[in-house]
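Notes follow once the structure below has been shown.
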Amino acid sequence: MVPPIVDDLYPDNLELIGIHRTDAYVTTWGNSRMTVFYTYEGVPNFWTDATLNVLGYYGNPNTQIAQWSAKINSRLAVPTDITIDVSTVELNLPNGTFEANVCMEAGGTARTVRVFMVRVLDHYPFLSGYDYRNTVREGFQVGDYPLNPDECVPVQQAFAFDTVDLENAPNIKIIAFAQEPNDHSPAEVYQVGSTWPFRVFADGFESGDLLAWSATVP
Amino acid sequence: MVRHRAYLGATLLAMAVIAAAAGDAVAAERTVLGEYFNATW
């Protein structure tokens with residue numbers, strides 16, 4: 001039920017991340033997110049904006065999509081005063097640094113937001129019979145940042161890509177989200193931003209070093 | 001008269017720009033975060 005949710009129903013206003021549990025694709029951040037933040041172990045479990053969830057599988061994809069959509073639609077109806085733009089600061093492969101510019105609109109309410117940044121790989125792991133979407137490969141709780149109306153804070157995070165990521169670079173996505181600074185759920189997610197499409201160029205093109213760049217690459 | 005019309009046009013344009021800028025203060029468009037906890041069984 002995941003592909004239609006991502007590709008057809010909410011292509012522009014949902015960032016879905018897949019967090020694996022108890023298999024070969026777990027991450028330190030993903031484990032902490034479930035056991036420390038949500039303090040719950042069951043899968044499958046779908047959380048929207050860290051406030052509403054659908055636990056379990058209803059046995060029918062259409063029913064499952066309807067369950068998820070109800071939560072997503074509910075959250076889409078809630079106004080927000082936060083915006084996030086994610087950009088590439090430097091790519092020195094296999095490492096990369098990315099920036100989330102987290103802003104509060106002029107009419108917003110001053111408060112502290114907790115910023116997370118994760119990198120995902122879409123259509124991974126490569127297992128037959130199921131299309132795993134936006135699987136988390138690495139994640140960070142970057143920090144807490146006080147925000148005032150009409151103000152932005154640039155938040156940077158370094159990531160380390162591995163061979164699987166780089167061989168499937170078009171499917172990499174860097175996702176940042178700003179959340180209420182609670183250590184445990186519920187903690188409302190105010191906004192999400194991402195890099196898309198993600199491109200890895202050759203010869204230092206994205207780092208700004210054009211000396212070695214030629215017309216033949218990328 | 002032509003000069004007065006030009007001033008009036010410039011004033012109306014400035015007012016339109018100010019109104020458009022004021023309109024930017026509306027709530028931002030939300031993107032929802034979906035966290036799907038799952039496993040490869």
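Could you tell me whether A:Thr39 is surrounded by fewer than 17 Cβ atoms within 10 Å (Cβ to Cβ) and at negative phi? So that I can check it myself, show each step before the final result.
On the way: surrounded by fewer than 17 Cβ atoms within 10 Å (Cβ to Cβ): yes; at negative phi: no.
Taking the combined requirement at face value, the residue does not satisfy it.
Here are A:Val43, A:Val54, A:Val36: which of them is without any contact (Cβ under 8 Å) to a residue 40 or more places away in the chain and more than 9 Å from chain B (Cβ to nearest Cβ)? So that I can check it myself, show each step before the final result.
Details: A:Val43 fails: more than 9 Å from chain B (Cβ to nearest Cβ); A:Val36 fails: without any contact (Cβ under 8 Å) to a residue 40 or more places away in the chain.
Exactly one residue qualifies, and that residue is A:Val54.
In segment A:13-27, how many residues are more than 8 Å from every other protein chain (Cβ to nearest Cβ) and free of Cβ contacts under 8 Å to residues at least 12 places away in the same chain?
We begin by selecting, within segment A:13-27, every residue more than 8 Å from every other protein chain (Cβ to nearest Cβ); these are A:26-27.
Narrowing further to those that are free of Cβ contacts under 8 Å to residues at least 12 places away in the same chain: A:26.
Counting residues in segment A:13-27 that are more than 8 Å from every other protein chain (Cβ to nearest Cβ) and free of Cβ contacts under 8 Å to residues at least 12 places away in the same chain gives 1.
Looking only at segment A:179-193, filter to residues that are within 12 Å of chain B (Cβ to nearest Cβ) and of a type outside the set (Asp, Glu); which one of those is farthest from A:Phe46 (Cα to Cα)?
Within segment A:179-193, the match that is farthest from A:Phe46 (Cα to Cα) is A:Gly193.
Could you check segment A:7-31 and list, in sequence order, the residues that are closer than 15 Å to A:Asn45 by Cα, among the small types (Gly, Ala, Ser) and not in a strand (DSSP E or B)?
Passing the criteria: only A:Gly30.
Out of the residues in segment A:96-125 meeting the condition of being more than 13 Å from chain B (Cβ to nearest Cβ) and outside any strand (DSSP E or B), tell me which one is surrounded by the most Cβ atoms within 10 Å (Cβ to Cβ).
It comes out as A:His123.
Restricting segment A:152-181 to residues that are among the small types (Gly, Ala, Ser) and modelled with pLDDT of 95 or more, which is surrounded by the fewest Cβ atoms within 10 Å (Cβ to Cβ)? Walk me through it before giving the result.
Step one: of segment A:152-181, the residues among the small types (Gly, Ala, Ser) are A:158, A:160, A:169, A:176, A:178.
If we keep only those that are modelled with pLDDT of 95 or more too, we end up with A:158, A:160, A:176, A:178.
Details: A:Ala158: 14, A:Ala160: 12, A:Ala176: 26, A:Ala178: 29.
The extreme case among them is A:Ala160.
Taking A:Asn73 and the conditions (1) loosely packed, with under 14 Cβ neighbours inside 10 Å; (2) facing chain B (nearest Cβ under 10 Å); (3) not in a helix (DSSP H, G or I), which numbered condition does it fall short on, given that it satisfies the others?
(3)
Within segment A:42-66, how many residues turn out to be surrounded by fewer than 20 Cβ atoms within 10 Å (Cβ to Cβ), within 19 Å of the chain's Cα centre (by Cα) and assigned to a loop (DSSP other than H, G, I, E, B)?
2
Looking at segment A:76-95 only, could you name the residues that are among the small types (Gly, Ala, Ser) and either surrounded by 15 or more Cβ atoms within 10 Å (Cβ to Cβ) or without any contact (Cβ under 8 Å) to a residue 24 or more places away in the chain (or both)? Don't jump to the end; show me each part of the working.
First, pick out the residues of segment A:76-95 that are among the small types (Gly, Ala, Ser): A:77, A:87.
Selection gives A:Ala77 alone.
The values are calculated or read from the model by the stated rules, or taken from the named source; none is laboratory data. Predicted model only: the values in this text are computed from it and were never measured. Glycine gets a Cβ as well: all are built from the backbone with ideal geometry, and neighbour counts include every protein chain shown.
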